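Read-outs throughout are calculated quantities, based only on the coordinates presented, and are distinct from any laboratory measurement. This is a predicted model, so every value here is computed, not measured. Note that we place each Cβ from the backbone using ideal geometry, even for glycine, and neighbour counts take in every protein chain shown.
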Amino acid sequence: MRPVAVVGIGKTAFGAFPDRDLRSLAVEAGQKSLEDAHAKPEQIEAFFLGNFAGPSFVGQNHLAPYVAAGMGIIGIPATRFEAACASSGAAFFSAVSAVAAGLYDVVLVTGVEKMTSQPTPKVTEILAGAGDVCGEVRAGATFPALFAMIARRHMYQYGTTREMMAAVAVKNHSNGAKNPLAHMRKVITMEQALSGKPIADPLTVYDCSLVSDGAASVVIASLERASEFTNKPVRVLGVSQASDNVALDEKDDITTLRAVKTSAEKAYKMAGVSPADIQFAEVHDCFTIAEILATEDLGFVKKGEGGPYALAGKTCLQGERPVNTSGGLKAKGHPVGATGVGQICDVAQQIRGEAGERQIARNKLGLAQNLGGSGATSVVTILGAA
Amino acid sequence: MNNPGSGTVYTETVVYSPPEAYVNDVPYQLAIIELENGRRLTGRIDGDRAQIGDKVNFVDFRNNVPFFRKAS
């Protein structure tokens, strides 16, 4: 396996954009990443697209060549990856694998989702398609409901409180307010976070990530060719993908996301680092409880200590290990198919020292964790300064 | 489908923001029930709200969805 680097990053703003279609968002992000890498479309040898539900949200299939052609990229392999909310994490994993194996030198990985053209009950139903449609979903499970049941069990087993979950929301909104590309640039108070409209008890609207439109893109290359594109390459030190049961009721212990643990352990091993070495992370806070689980399953803290860790401010911008300096899915927004690559862009931006008001000082080793469904797919990536 | 019998609530929630198919049902209680044979099943709770650890009895299937009720 040869070393791989991220040599270009590009994102659209995340938000509700009624006048933008799926392809225009993906093309904007893709072109920004090509420009950032000083790369021409003809230098791209393969295109990997992450998208969860374009066919359901906007009725468009055959998305990868459709998007690629919009960027003037024609003739190369162009394939869509679907792994629920980890779709572009999965695309990134496969793209890095192909470059590391020597199949290609330079590839483009883009993630996109266009969600806001559908009413909320329809969006809820499309997203629920990432669960077990013949079991939990037929019984009435939505994604907020599945994570609410995880939260209830975590509260029961470890004493996690509503305040601990609210602390995640307050922190992510505070970071998102400093991110010019975030969907919701609004600071919220603890009182607001605790008194939100109920969505699935104990989760309120402030525990849930946003329904967003948006796209994110990276150019990756073999490290030996990275200098042709950038003077600030970001090394992919480790990347791993793992899977688990789709249905929540088929998992042994729903307070631990087994695929996250497995993918993290493999990524740490590949990078030759331990959880304690990770200076900052972008984690998959589709719900506030998911960020608490992530800090535990990634090994930052012991099982059950994620809630107190968040409440004590350890994951704030000024804390010992900043988590979701971008604002996370909670405030930055969650165009589901774009989220995985978006996190890679956010971590790379910190490593390159380009995070503006959100820039942290200890920025040499960062981690991105992208989750699909209630934990059936997990992709963990460790990035470092080259 | 077989009668799943009784069981214990492993976890639960009350759903307020429904998928399209259940817009007329909200709010409704959804739970994962640990059955006596050790298997887990996702179903609905009818009547009084049940908490983690509560015993529940199977009531019936409605559109293939198992409904339970808190044991009195």
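Before moving on, here are some points about what is shown:
- Neighbouring Cβ atoms from other chains, within 10 Å of the Cβ of residues in A:243-249, number 3 on average.
- For A:Gly50, distant residues with modelled amide H under 5 Å away: A:Phe81, A:Thr110, A:Gly111, A:Val112
- Dmax and Rg, reported as Rg then Dmax, of chain B (C-alpha, Å): 11.6, 33
- When peptides A:33-42, A:298-307 are ranked by their average number of other Cβ atoms within 10 Å per residue, the highest-first order is A:298-307, A:33-42.
- Per-residue mean of foreign Cβ neighbours for A:116-123 is 2 (Cβ atoms of other chains, 10 Å radius).
- When the Cα atoms of segment A:271-353 are aligned to their principal axes, the ranges along those axes come out at 30, 28, 23 Å in descending order.
- Evaluated on segment A:228-386, the Kirkwood hydrodynamic radius is 15.5 Å, with distances taken between all distinct Cα atoms.
- A Förster radius of 30 Å combined with the Cβ-Cβ distance from A:Asp252 to A:Glu354 puts the calculated FRET efficiency at roughly 0.10.
- Distance from segment A:1-67 to segment A:120-165 (C-alpha centre basis), Å: 30 Å
- Taking segment A:241-383 and dividing mean pair separation by its residue count, relative contact order in percent (alpha carbons under 8 Å, at least six apart): 36 percent
- Eigenvalues of the alpha-carbon gyration tensor of the protein assembly as shown, scaled by 5 and square-rooted, set the equivalent ellipsoid semi-axes at 37, 23, 20 angstrom, largest first.
- Average Cα contact separation per residue, segment A:223-320, under 8 Å, 6 or more apart, as relative contact order %: 21 percent
- Against the main long axis of the alpha-carbon atoms of chain A, helix A:143-158 sits at an angle near 60°.
- Exposure proxy shown here: for A:Cys345, A:Cys134, the number of other Cβ atoms within 10 Å sets the order, fewest to most, as A:Cys134, A:Cys345.
- Label positions at B:Asp48 and A:Lys40, each projected 7 Å from the Cα along the C-beta direction, are separated by 7.6 nm.
- Largest mean-square fluctuation among A:Val246, A:Val219, A:Val112, in a Gaussian network model of chain A whose springs join Cα atoms under 10 Å apart, belongs to A:Val246.
- Whole-angstrom gap from segment A:170-217 to segment B:38-72, using each part's C-alpha centre: 33 Å
- 3J(HN,Hα) couplings calculated from phi for segment A:296-311 with the Karplus curve 6.51 cos²θ - 1.76 cosθ + 1.60 (θ = phi - 60°) are, in sequence order, 7, 6, 7, x, 5, 9, 6, 3, x, 9, x, x, x, 4, 5, 4 Hz; Gly and Pro show x.
- Whole-number D in µm² s⁻¹ for segment A:96-236, Kirkwood Cα-pair radius fed into Stokes-Einstein, 25 °C, 0.890 mPa s: 133 µm²/s
- For the protein assembly as shown, a crude dipole built from +1 on the beta carbon of Lys and Arg and -1 on the beta carbon of Asp and Glu, taken about the Cα centre, is about 620 debye to the nearest 20.
- Sorted by Cβ neighbour density within 10 Å, fewest at the top, the residues A:His173, A:His154: A:His173, A:His154
- For A:Thr110, A:Thr124, order by how many other beta-carbon atoms lie within 10 Å, fewest first: A:Thr124, A:Thr110
- Using alpha-carbon coordinates, inclination of helix A:22-36 to the longest axis of chain A, degrees: 60 degrees
- Between A:Val4 and A:Leu223, A:Val236, the built amide H atoms are under 5 Å apart, and every one of these is 5 or more places off in sequence or on another chain.
- In segment A:23-70, the alpha-carbon atoms span a convex hull of 73 Å³ per residue.
- Gained length - A:Glu191 relative to A:Ala16, 0.36 nm times residue gap less alpha-carbon distance: 60.4 nm
- Evaluated at q = 0.11, 0.16, 0.17, 0.22 Å⁻¹: base-10 log I(q)/I(0), Debye formula over Cα of segment A:197-319: -0.52, -1.02, -1.11, -1.40
- For the pair A:Glu305 and A:Lys122, label points projected 7 Å from Cα toward Cβ lie 4.7 nm apart.
- Couplings 3J(HN,Hα) of segment A:120-133, computed from phi: 3, x, 6, 4, 4, 5, 5, 5, 5, x, 7, x, 8, 5 Hz, in residue order, whole Hz [Karplus 6.51 cos²θ - 1.76 cosθ + 1.60, θ = phi - 60°; x for Gly and Pro].
- Longest to shortest principal axis, alpha-carbon extents of segment A:153-218, angstrom: 40, 25, 20
- Projected area averaged over orientations for segment A:51-140, convex hull of C-alpha atoms, nm²: 7.0 nm²
- Distance between the pseudo-spin-label points of A:Thr79 and A:Val133 (7 Å out from Cα toward the beta carbon): 2.3 nm.
- Fluctuation leader among B:Asp60, B:Asp46, B:Asp25 - chain B, Gaussian network, Cα springs under 10 angstrom: B:Asp25
- Taking every Cα-Cα distance in segment A:117-159 and sorting them into 10 Å bins from zero, the calculated P(r) comes out as 29, 43, 23, 5 percent.
- Estimated vicinal HN-Hα couplings, Hz - segment A:45-51 in sequence order (Karplus 6.51, -1.76, 1.60; Gly, Pro = x): 9, 7, 10, 10, 10, x, 7
- Taking Cα atoms only, the orientation of helix A:339-351 departs from the longest principal axis of chain A by about 80 degrees.
- GNM remark for chain A: springs join alpha carbons under 10 Å apart, and the peak mean-square fluctuation among A:Val239, A:Val323, A:Val58 falls on A:Val58.
- Electrostatic bookkeeping for A:Gly384 treats Lys and Arg as +1 and Asp and Glu as -1; over the other residues with beta carbon under 13 Å from its beta carbon, the sum is +4.
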